[in-house]
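One structure is given here, and the rest of the page talks about it.
The values are calculated or read from the model by the stated rules, or taken from the named source; none is laboratory data. Just so it is clear, the model here is predicted, and its values are computed rather than measured. Heads up, the Cβs are rebuilt from the backbone with ideal geometry, glycines too, and the neighbour counts pull from every protein chain shown.
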Amino acid sequence: MTDSILAPLANPVYRRLFTAQVLSLLGAGLATVGLALLAFDLAGGDAGLVLGTALAVRMITNVVVAPIASAFAQRFPRRPTLIALDLVRAAVVLAFPFVDQVWQIYVLIFVLQCASAAFTPIFQAAIPDVLPDEDSYTRALTLSRLAYDLESLLSPTLAAAALVLVSFHWLFAGTSLGFLASAAAVMLSRLPAGARTESDQGVYARMTQGLRIYLVTPRLRGLLALNLTAAAAGAMVIVNTVVIVRGTFGGAESEVALANAVFGAGSIVAALTLPRLLEARTDRAVMVGGATLMLATLVAVGLVALTAGLGWGVLLAGWLALGLGYSAILTPSGRLLRRSAREGDRPSVFAAQFALSHACWLFTYPLAGWLGANTSLGATLLILAIPAAIGIGVGLWLWPRDDREVLPHRHDDLPADHPHLRDGHAASGGRHHAHPYVIDSLHRCWPRPD
């Protein structure tokens, strides 16, 4: 199975892009640990609240900037744009060691995320163009998920090793080097230009194109609901791990890294099994299963914390299960986005996913931080289980079990000799034909099931 997962790396362009992603996320992972420790250094027991607010600033920036960036993305070549954004990120993180006020964290997070919110959708939308075959793309998504998990596994491990020798401020220097190395890897890549979108008539149309496609497509509406489940459970891990380990358990900085690493290990295990699992199960079944696991874990660990008290072993087991469910939701999402848009519209659809999924985090990050600072650990887990359950329920409702790619539909609004109807067949009062269905200028609404 390992050989098949690594198969996309035979493509030289993807291999360099994957290298860029690994290097960038390696640096970002060091910054995540450094930011948590910086928040604890400045705010002590209120670190969860500070970190939750900082991450909320990050989410607001992602929600606002990503659609705007996608609207202008096709006006500039991909490679120089990605390189420039990496250089901006490398420069900004060098300011974190000089922070001595909480508000300065918020300002730097805002500037850093402006660059990241522009970088990520452009980068993600390039991968399906580099790997048009769905099997190769699925395995690339697994590799991408593994790269993201460096932030919660290898990066904390490296951070723990570095903290033995230096203070946490030096972690931000490692972050800057990661972004510079990412820029160098992108510089060596030859990215396809990408098709042009149908919405070239104005900036506003380009900004809203991805959102229109996303919110009309049933599988993507279901994906958005499941993103809420992932965000509710993920926020608990990201925001409150440092408070639980340092404050409740009295653990060291290295134990904070270990707890985050266990979450990442669960995500990696799930990602490695997904290519084969997705051959036997639908995306919907796998993703709903992952969401259900996350919900069950929140409830189980919360009840243990309220009744018997949370121990180190229970925390690690819970974080491992949450990592499994988290990856099962997020890894297949790229398949849904690729399937749901034409090539020219993919950047805007990926940007819509980036913005809307981060809108979920915008809600759950401050909620997790406020709950962690003002309620018990058990109550925090059980309250966060509520939006997680809502996400599953709404996802099952919006995403039909019969999610066919090829759909029969009518075009009563087109003349009978329209080129799009060439492969159709006559039907009473109009044209009736079938093909892989996506929302575009000829298909503005989703066809009703027969």
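Of everything in the range 86-123, what is outside any helix (DSSP H, G or I) and of a type in the set (A, V, I, L, M)? Give them in sequence order.
Narrowing the range 86-123 to residues outside any helix (DSSP H, G or I): 94-95, 99-101.
Answer for the range 86-123, where residues must be outside any helix (DSSP H, G or I) and of a type in the set (A, V, I, L, M): 94, 95, 99.
Quick grid of which residues meet (1) closer than 22 Å to residue 357 by Cβ; (2) in contact with a helix residue (DSSP H, G or I) (Cβ under 6 Å, 6 or more places away or on another chain); (3) in contact (Cβ under 8 Å) with a residue 60 or more places away in the chain:
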residue	(1), (2), (3)
22	yes, yes, yes
54	yes, yes, no
76	no, no, no
90	no, yes, yes
94	no, yes, yes
Check your understanding: Pick from 22, 13: which is within 21 Å of the chain's Cα centre (by Cα), hydrophobic (A, V, I, L, M, F, W, C) and either part of a helix (DSSP H, G or I) or surrounded by 19 or more Cβ atoms within 10 Å (Cβ to Cβ) (or both)?
Key -> 22
Check your understanding: Could you say whether any residue in the range 276-297 is touching a Ser or Thr at 6+ places or on another chain (Cβ under 7 Å) and within 23 Å of residue 373 (Cβ to Cβ)?
Key -> yes
Point to revise | Answer residue from the range 361-392, given it is modelled with pLDDT under 95, of a type in the set (Gly, Ala, Ser) and part of a helix (DSSP H, G or I) and is farthest from residue 60 (Cα to Cα) among those | key: 378
Exercise for review: Inspect all residues belonging to the range 133-148 and state whether any of them is surrounded by fewer than 20 Cβ atoms within 10 Å (Cβ to Cβ), under 26 Å from residue 343 (Cα atoms) and at pLDDT 85 or above.
Suggested key: no
Check your understanding: Of all residues in the range 213-246, how many are charged (D, E, K, R) and farther than 24 Å from residue 51 by Cα?
Key -> 2
Revision key, fill the gap. Scanning the range 303-342 residue by residue, those of a type in the set (Lys, Arg) and surrounded by 24 or more Cβ atoms within 10 Å (Cβ to Cβ) turn out to be none
Point to revise | Single residue of the range 60-81 satisfying the filter (surrounded by 24 or more Cβ atoms within 10 Å (Cβ to Cβ) and of a type in the set (A, V, I, L, M, F, W, C)) that is nearest to residue 148 (Cα to Cα) | key: 66
Review point. Among 297, 292, which is closer than 24 Å to residue 52 by Cα and of a type in the set (S, T, N, Q)?
Key: 297
Check your understanding: Given 162, 118, 184, 205, which one is surrounded by fewer than 23 Cβ atoms within 10 Å (Cβ to Cβ), at pLDDT 80 or above and among the small types (Gly, Ala, Ser)?
Key -> 184
Point to revise | Residues of the range 304-352 that turn out to be in a loop (DSSP other than H, G, I, E, B) and among the charged types (D, E, K, R), as a count | key: 1
